[in-house]
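J.: Shown below is the structure under consideration.
The values are calculated or read from the model by the stated rules, or taken from the named source; none is laboratory data. Here the structure is a predicted model, which means the values were calculated and not measured. As a convention, Cβ positions derive from the backbone with ideal geometry for all residues, glycine included, and neighbour counts pool all protein chains shown.
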Amino acid sequence: MTKNNEKQHSLRILFADDEIHLQELIAAELPRMGHRVTVCPDGLTAVAALEKNAYDCVLVDLDMPGLNGIEVIGKTKELAPGTETVVLTGKGSTETAVQALRYGAFDYMQKPCKLVELRSMLQRVGEKIELSKRCQALQMRLHRIEGDSEMVGNHRNVQRVRALIERVAPTNSTVLILGETGTGKELAARAVHEQSDRHDNPFVAVNCGALPENLIESELFGHQKGAFTGADEARSGLFEVADGGTLFLDEIGELPKSLQAKLLRVLESGEIRRVGANDSFSIDVRIVCATHRDLNTMVSAGEFREDLMYRINTFEIQLPPLRDRIDDVQELAVHLLSRFRSEAKHFPQPFDPSAIEALRSHVWPGNIRELANVVEHASIICDRLPITSEDLPRKFGNRNLVGGKLVTSGMSLREIEGHAIEAALDRHEGNKSAAAQELGISLKTLYNKINQGLVHNRAA
């Protein structure tokens, strides 16, 4: 470890310089710093080495016979785009060094350079390389978690959604995505982003209902140092983070009324102002919104600004619930399973007929999100593919449910009541308050019935 507990990076370095004493110095000192080094007497030799081996950093003199440093940098970017380059230049050649930076060099050093300066430079190169690798790893991990933005299924409503996304994506129009919870609104928003000209820039998603009301303005617009208690330093908001890309405002219907006016002002002016700041500044962000709520009803009730609704509803996309596209369940289940079990991609039938029948018979109140949870559960339970109905959660083993409806023949009143409560709890994923509201009973009554043993394996 270096001083200040900095992590010591071990780099593969290619050094090119026609001065013999520098070649000898670098060959001796860089290994002592923990690096592996290949020393070359000129640019042509360095390019030949690049064609045969991989290096983290090329350290090259600007003035060499044959190929000069600028030409070596160009060849490096061509042969090994991920390799960093640092140029050495004599005094009075600063203009040439700046030219090297324009060609993509990481930095430059003036000769003669001190070993401590060289060590510091290589440390910064190592930190950048490590950060780049971490970013790539995070992107791969994120992709594995989220999957791609392709919408799976062949139902006519899904095909219509694909066509709408394809039509609106190349524009800068604000998009409003409507649909029940779990229907894939963020997936659709990501598809709009990835098919747009902004796809190389950030896609930032924020759930408006998940942010504390007293912090949401700061989260969206940022704040200045000292703007409020606890604001110990200035902070960029999500609009700034998404600059040049797409900001996805999920559950826009949950945005507090006080923030709706500020959001409208941003959408109309293209400018934001941090909390505690006096001046505004321009941003270039495309807005995609989503909600499961009826905004027209909210407008009538005075809960949502009518002018904001019209502003965000330039182009509307309605996502169908899973129960209305039940023929897509099998394809969706296989697609989701491939996230959890890599072998599913190459398995002819990863779900057996009993499992498919059970999945197709379910009502899916939680839509695709619920299906994803069910598939993940089954992938954990199942030791070896294919997945059977026995691997599915307990609610799929209820033989009194046919096509999602309760069959009451041959059942006592107590059994019917118990099954009704259990089905409601399953539909609301264990949320007792929501289940009680659906059943038309008080929460206290529901707890009493659970304690009476009407519902199996449910803790009060």
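J.: Being in a helix (DSSP H, G or I), more than 28 Å from N201 (Cβ to Cβ) and either under 28 Å from the mean Cα position of the chain (by Cα) or not aliphatic (A, V, I, L, M) (or both) is the requirement here; does V266 meet it?
T.: No; evaluated as a whole, the condition is false for this residue.
J.: Just the residues that are polar (S, T, N, Q), under 21 Å from E306 (Cβ atoms) and without any contact (Cβ under 8 Å) to a residue 12 or more places away in the chain, please, taken from segment 259-289.
T.: Matches in segment 259-289: S269 only.
J.: Something else: Just to be sure, is A424 aliphatic (A, V, I, L, M) and at pLDDT 75 or above?
T.: Answer is yes for this residue.
J.: Restricting to segment 269-323, count the residues that are exposed (fewer than 15 other Cβ atoms within 10 Å of the Cβ), farther than 24 Å from T183 by Cβ and either of a type in the set (D, E, K, R) or not assigned by TED's automatic domain parsing to the domain that holds L238 (or both).
T.: Looking only at that region, the number is 5.
J.: How many residues are touching a residue at least 24 places away in the same chain (Cβ under 8 Å) and over 25 Å from the mean Cα position of the chain (by Cα) when one looks only at segment 226-247?
T.: 4
J.: Just to be sure, is L164 modelled with pLDDT under 95, at negative phi and either among the β-branched types (V, I, T) or part of a helix (DSSP H, G or I) (or both)?
T.: So L164 fails the test.
J.: Now a separate question. Considering only segment 330-338, I want to know if a residue exists there that is closer than 22 Å to G184 by Cα, surrounded by fewer than 15 Cβ atoms within 10 Å (Cβ to Cβ) and outside the structural domain of L392 (by TED's automatic domain parsing).
T.: No.
J.: Out of segment 259-284, which residues are touching a helix residue (DSSP H, G or I) at 6+ places or on another chain (Cβ under 8 Å) and polar (S, T, N, Q)?
T.: Hits for segment 259-284 are Q260, S280.
J.: Give the residue that is modelled with the highest pLDDT, with candidates limited to residues of segment 63-108 that are among the hydroxyl-bearing types (S, T, Y), under 14 Å from V125 (Cβ atoms) and in a strand (DSSP E or B).
T.: Result: T85.
J.: Test N214 against the criterion of being within 13 Å of the chain's Cα centre (by Cα), assigned to a loop (DSSP other than H, G, I, E, B) and either surrounded by fewer than 18 Cβ atoms within 10 Å (Cβ to Cβ) or not assigned by TED's automatic domain parsing to the domain that holds T291 (or both), and give yes or no.
T.: Taking the combined requirement at face value, the residue does not satisfy it.
J.: Restricting to segment 42-60, what's the tally of residues that are buried (at least 24 other Cβ atoms within 10 Å of the Cβ) and touching a Phe, Trp or Tyr at 6+ places or on another chain (Cβ under 9 Å)?
T.: 5
J.: Quickly run through segment 274-328 and pick out the residues that are β-branched (V, I, T) and part of a helix (DSSP H, G or I).
T.: T297, V299, I312, I326, listed by residue number.
J.: Quick check, is D250 within 24 Å of the chain's Cα centre (by Cα), surrounded by fewer than 17 Cβ atoms within 10 Å (Cβ to Cβ) and in contact (Cβ under 8 Å) with a residue 40 or more places away in the chain?
T.: It is false that D250 is within 24 Å of the chain's Cα centre (by Cα), surrounded by fewer than 17 Cβ atoms within 10 Å (Cβ to Cβ) and in contact (Cβ under 8 Å) with a residue 40 or more places away in the chain.
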